[in-house]
Amino acid sequence: MKKTATWFSFATLSAFLLAACVSAAPPNPRDQAVNQAWETYCTSGYCEGAKGTIVERTDSTLTVSINGNIRYMTYTVTGGPGGYEARVSPTANQGRTKP
């Protein structure tokens, strides 16, 4: 009996690991460009040395958290599959105004 229980646990774990590997899609190059633009903007002074993270994304807006404070950014993406470039900027009132 103990062998069966151990085998079942190993099989279950293997199935979860396989599912995680199969479902992990490669990063979208367009999203990567937006992420990079946000990181650059944040570290260039907007986040005042704090770590800022993207908490939500729409087709043209980022909702970000900086030390627990929510800010809103708009972004545009240019280029194509050969190379995307993104620009981000805060909404009105230094990103405090929800678009």
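The values are calculated or read from the model by the stated rules, or taken from the named source; none is laboratory data. Remember, predicted model here, so these are calculated numbers, not experimental data. A quick note on method: Cβ atoms are made from the backbone with ideal geometry, for glycine too, and the neighbour counts reach across all protein chains shown.
Yes or no, residue by residue, for (1) within 12 Å of Asp31 (Cα to Cα); (2) touching a His at 6+ places or on another chain (Cβ under 8 Å); (3) at pLDDT 95 or above:
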site	(1), (2), (3)
Arg71	no, no, yes
Val77	yes, no, yes
Gly82	no, no, no
Ala86	yes, no, yes
Thr91	no, no, yes
Pro99	no, no, no
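Of all residues in segment 72-99, how many are part of a strand (DSSP E or B) and not charged (D, E, K, R)?
Result for segment 72-99: 15.
Consider segment 41-63. How many of its residues are over 19 Å from Asn28 (Cα atoms) and part of a strand (DSSP E or B)?
Final tally of qualifying residues: 1.
Does Ile54 satisfy being touching a Gly at 6+ places or on another chain (Cβ under 7 Å) and either touching a residue at least 40 places away in the same chain (Cβ under 8 Å) or not basic (Lys, Arg) (or both)?
Judged against the criteria, Ile54 is not a match.
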